[in-house]
Amino acid sequence: LNRRLAGFGTTIFAEMSALALRTGAINLGQGFPDTDGPEEVREAAVRALRDGRGNQYPPGPGVPELRTAIAAHQRRRYGLALDPDTEVLVTAGATEAIAASLLALLEPGDEVVALEPYYDSYAACVAMAGATRVPVTLRPRGDRFRLDLDELRDAVTDRTRLLLINTPHNPTGTVLTREELAAIAGLAVERDLLVVTDEVYEHLVFDDAEHVPLAGFPGMRDRTVTISSAGKTFSFTGWKVGWVTGTPELVTAVRSAKQYLTYVSAGPFQYAVAEALALPDAYFDAFRADHRRKRDLLADGLRSAGFEVYRPRGTYFITADISPFGEKDAYAFCRALPERCGVVAVPVSVFYDDPEAGRGQVRFAFCKKDEVLTEAAGRLRRAA
Ligand code: PMP
Ligand code: GLN
């Protein structure tokens, strides 16, 4: 392993899912649903396969049907106008979109300001690009995590090239408000920064939270790369269909990197996701309502087991504090948890540059059947 990737051996998700498999524990670690997405979307994939659509290399930017559907989705949900031919790129999941964006836009030595705790691929991709990450820590205040805008401002230096934003935020469940996003946009314009914004949980916001795309703020259209994924919104994480939207210049740059990473992404699934994006609002409303119920179910269960729970406004993750349990080290806690009670969670400490910052935090995924969440909560309560 080269020096750039030293320390990025195995992702925590792979490690914890392997532990779940080995011990037969309930896996609330890695974020994937235990129920597949809509039947009609699966049928659409089968039809594409059978009809020979996408069985050979699809076009580099993605099949036109999907690019058109992505542009239509951005217009319908957010009023954002995109040219499907030049401003949309289909990728192998959001993971490739992140990698290709960072590899395309960063020079060695550039600084990237990213919210911490961060999704693990950010740090690895910044490192692969030869750039340096500068974390801005979301800190618990009351029952949720907050961004300190002064800290964000202070993190920007003359070497900063790019802000890497994630809202709704994995793992904390923070949904940045319109005011916070406006401040981020103002900073990007003032300091002439690029912004890569990971919005894969755009359809998972609860309570009074609202997902507002950063690309829609004044001055942002020309400097923002927006990333999303069908894995989250339609519960097909195995399909690896993601996308990037932005100006033709930015999308062309990201595509330059993408074409040498995977060249193109799996064909038949692209046709199916095009149909998924055109599902009526009722699908998206039910998806959100389902997850709000699951969030409440797991949050109540964790609280009654003794955890201190930070209430997520978005995503399908709950971050909880283990200190009421008399425990301090999240990593050790998560390694022991399957033996102790047959549940797997992910230590949030690994998503901080300084693991001390999140030493007592663990993340649970609630994209699981209600009975699975209830059983997991019961096991945790009995082990407490
Ligand atoms: N970004 C975030 C914040 C995520 O949580 C995930 C998936 N867990 C991804 C990107 C990757 O998405 P995909 O599976 O589409 O590659
Ligand atoms: N995004 C998922 C999570 O946060 C997992 C994705 C992965 O395993 N790379 O759990």
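Derivation of every value follows stated rules applied to the coordinates shown; laboratory data play no part. Please read all numbers here as calculations on a predicted model, not as lab measurements. Here the Cβ positions follow ideal geometry from the backbone for every residue, glycine too, while neighbour counts run over all protein chains shown.
Brief remarks follow.
- Taking every DSSP beta bridge that has both ends in the chain, the antiparallel portion is near 50%.
- The lysines whose alpha-carbon is closer than 16 Å to the alpha-carbon of Lys258, local same-chain residues fewer than 8 away aside, are Lys240.
- Partners for Lys368 among lysines (Cα-Cα distance below 19 Å; same-chain residues under 8 apart left out): Lys232, Lys294
- For Val46, Val90, Val205, order by how many other beta-carbon atoms lie within 10 Å, fewest first: Val46, Val205, Val90
- Here the relative contact order of the chain, from alpha carbon pairs under 8 Å that lie six or more residues apart, stands at 24 percent.
- Farthest toward the positive end of the dipole of the chain, out of Leu204, Tyr283, Ile12, is the Cα of Ile12, where the dipole comes from beta carbon charges about the Cα centre.
- For the stretch 243-273, chymotrypsin sites (Phe, Trp or Tyr not before Pro) meeting the loop criterion (DSSP other than H, G, I, E, B) and having at most 13 other Cβ atoms within 10 Å: Tyr263.
- Among Ala114, Ala330, Ala209, the residue with the largest mean-square fluctuation in a Gaussian network model of the chain, with springs joining Cα atoms closer than 10 Å, is Ala209.
- Straight-line cross-link partners of Lys328 among the aspartates and glutamates, defined as a Cα under 20 Å from its Cα and at least 8 positions apart when in the same chain: Glu116, Asp143, Glu308, Glu339, Asp353, Asp354, Glu356.
- The chain, dipole about Cα centre (Lys/Arg Cβ +1, Asp/Glu Cβ -1), debye to the nearest 20: 760
- The residues packed around Arg255, meaning those with a beta-carbon under 13 Å from its beta-carbon, carry a net charge of -2 if Lys and Arg are +1 and Asp and Glu are -1.
- Over 39 Å [Cα-Cα, the chain], rounded percent: 13
- As a proxy for reagent exposure, ranking Thr167, Thr10 by other Cβ atoms within 10 Å from fewest up yields Thr10, Thr167.
- Taking a span of 24 Å or more along the helix axis (Cα atoms) and a mean Kyte-Doolittle hydropathy of at least -1.0 as the rule, the DSSP H helices of the chain that qualify are 281-305.
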